[in-house]
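Here's the structure we're looking at; comments come further down.
Taken together, the values in this text are just the output of simple stated rules run on the coordinates, not laboratory data. All of these numbers come straight from a predicted model, not from anything done at the bench. Here the Cβ is made from the backbone with ideal geometry for all residues, glycine too, and neighbour counts use every protein chain on show.
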Amino acid sequence: MSSPIRLSHTHGIGIVAVTIAAGILFAQPPRQARLESPIVSDDGRITFRVRAPQARSIVLNAPWAGEVEALTKNEDGVWSLTVGPVPPAIYSYTFQMDGVRILDPHNTAVKHWSGGNASLVEVPSATPLAYDLRNVPHGSLHVHYYASESGGNSRRLFVYTPPGYEENADQHYPVLYLLHGSGDNDSTWSEVGKANLILDNLIADGKAVPMLVVMPNGHPIPWSRGRRGLRSGNTEAFHDDLLGAAIPLVESLYRARTDRRQRAIAGLSMGGGQSLHCGMRSLDRFAWVGAFSAGAPDPADDPVAKDFLADAERANAELELLWIAIGRDDFLLQRNEVYTAALDSAGIVHMYKVTDGGHSWPVWRDYLAEFALLLFRD
């Protein structure tokens, strides 16, 4: 058989490629230009675009953008929608295409989540934000794998070391154990929460004490088994793994201060509930506790909370800070109101604030930045 002959010529707006082989003529349409989405304008408006000529409907799923809105299709089969202006932050979103949840096919920035991944878009600010990548000294992120007896599996954690850690070989550092939410994992606080950049900036500005930040996986009982949150054995297994494996590992590998007053724990959502659980149960290990939009325990039913509330004198003597914050639009607001009311009734000193926002990362990044300012102060 003779070799195929490939011809091409300029035709209209593109190049039409023609292949002749065995007497059959094949025409290849011009390559389409890459579609950009999302597009963020200087005034904070965001334009989303999807090329899907055969789709019947596409809807934007982004609670921060207001009411659910449908994209409109042009004659080229490209769907588009502009929203905003939107306040500066990093946001997640998805589309519903003909009833099916999809990511933005033209956006490579993705938040990985057990409940379904989402695309990410950043609206920059004219003034620096807590998580901006600035020209300051930067710390390092380290990854460690270890065996977990409580979970019966191998696990992973991330460790942030502050700028100068390698050079200051004689210096030991306080440690913040920073916990993620139920749908996330040990990488989410650095990949989406930008915890390392937040600490870099605060330390560079002299606002935060240089510290280690340990980001463990909050699921010693894997999500796939359908057990999570305070209603399962996962919280108890996490407590045992943290104290029995993660903390000893960190303190064997890093120059970590081991005094309880140099150890903090904080987290968001499920991780906020785990932080309260570990802090209440192990006052001999943690003197600083933070709960961001927490899955707070029910004081009437949770035995750890009952024991903690029953001994306000010890709690006030041992805790340097109990810091709780939640957005007024958060679905967990009532649980936090009940929990903090119980703290008030018991006479346990704490800080509680209700802010704008809901159950989302723009809120949690700000909470970390504010909480870190308070840690490890004499």
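What the table below lists for this structure:
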read-out: Karplus-derived HN-Hα couplings along region 263-277 (A = 6.51, B = -1.76, C = 1.60, θ = phi - 60°), whole Hz, x at Gly and Pro; value: 9, 10, 9, 7, x, 10, 6, 4, x, x, x, 5, 5, 5, 4
read-out: Potential extension, ALA346-ARG328 segment - 0.36 nm per residue separation minus Cα distance; value: 4.1 nm
read-out: Under Karplus coefficients 6.51, -1.76 and 1.60, residue-wise ³J(HN,Hα) of region 129-135 in Hz, glycine/proline x; value: 9, 4, 9, 4, 7, 9, 7
read-out: For region 87-176: rounded, prolate or oblate by the Cα gyration tensor [a/c cutoff 1.5]; value: oblate
read-out: Local electrostatic count, TRP364, Cβ distance below 11 Å [Lys/Arg +1, Asp/Glu -1]; value: -2
read-out: Under-5 Å amide H pairs with LEU71, H placed in peptide plane, nonlocal only; value: ILE58, VAL59, LEU60
read-out: Amide H partners (placed H, <5 Å) of ARG49, local residues excluded; value: none
read-out: Environment charge of LEU202, counting only residues whose C-beta is closer than 14 Å and scoring Lys/Arg +1, Asp/Glu -1; value: 0
read-out: Long-range HN-HN contacts of GLY290 with modeled amide H, under 5 Å; value: ILE265, ALA266, GLY267, TRP323
read-out: Label selected from [x] 89, 46, 44; [y] 86, 44, 40; [z] 94, 44, 35, the criterion being Cα extents along the principal axes in Å as computed here; value: [x]
read-out: Inter-centroid distance (Cα atoms) of region 344-378 relative to region 156-211, Å; value: 17 Å
read-out: Backbone HN-Hα couplings from phi across region 81-87 [Karplus 6.51/-1.76/1.60, Hz, Gly and Pro as x]; value: 7, 10, 10, x, x, 10, x
read-out: Unsatisfied cross-links (Cα-Cα over 32 Å) in the set LYS73/LYS194; LYS194/LYS353; LYS111/LYS353; value: LYS73/LYS194
read-out: Efficiency of FRET from Cβ geometry, HIS106 and TYR145, R₀ 35 Å, rounded to 0.05; value: 0.50
read-out: Charged-residue dipole, Cβ positions (Lys, Arg, Asp, Glu), region 140-374 about Cα centre, Debye nearest 20; value: 340 debye
read-out: Label point distance in nm, GLU69-GLU313, each placed 7 Å from Cα along Cα→Cβ; value: 6.0 nm
read-out: Loop-located trypsin sites (Lys or Arg not before Pro) in region 345-378, at most 16 other Cβ atoms within 10 Å (DSSP); value: ARG377
read-out: Beta bridge orientation in the chain: antiparallel %, DSSP, nearest 5; value: 70 percent
read-out: Using alpha-carbon coordinates, inclination of helix 195-204 to the longest axis of the chain, degrees; value: 60 degrees
read-out: Sparse-neighbourhood loop sites, chymotrypsin sites (Phe, Trp or Tyr not before Pro) in region 226-307 - DSSP loop, at most 11 other Cβ within 10 angstrom; value: none
read-out: Percent RCO, i.e. relative contact order, over the chain, from Cα pairs under 8 Å lying at least 6 residues apart; value: 11 percent
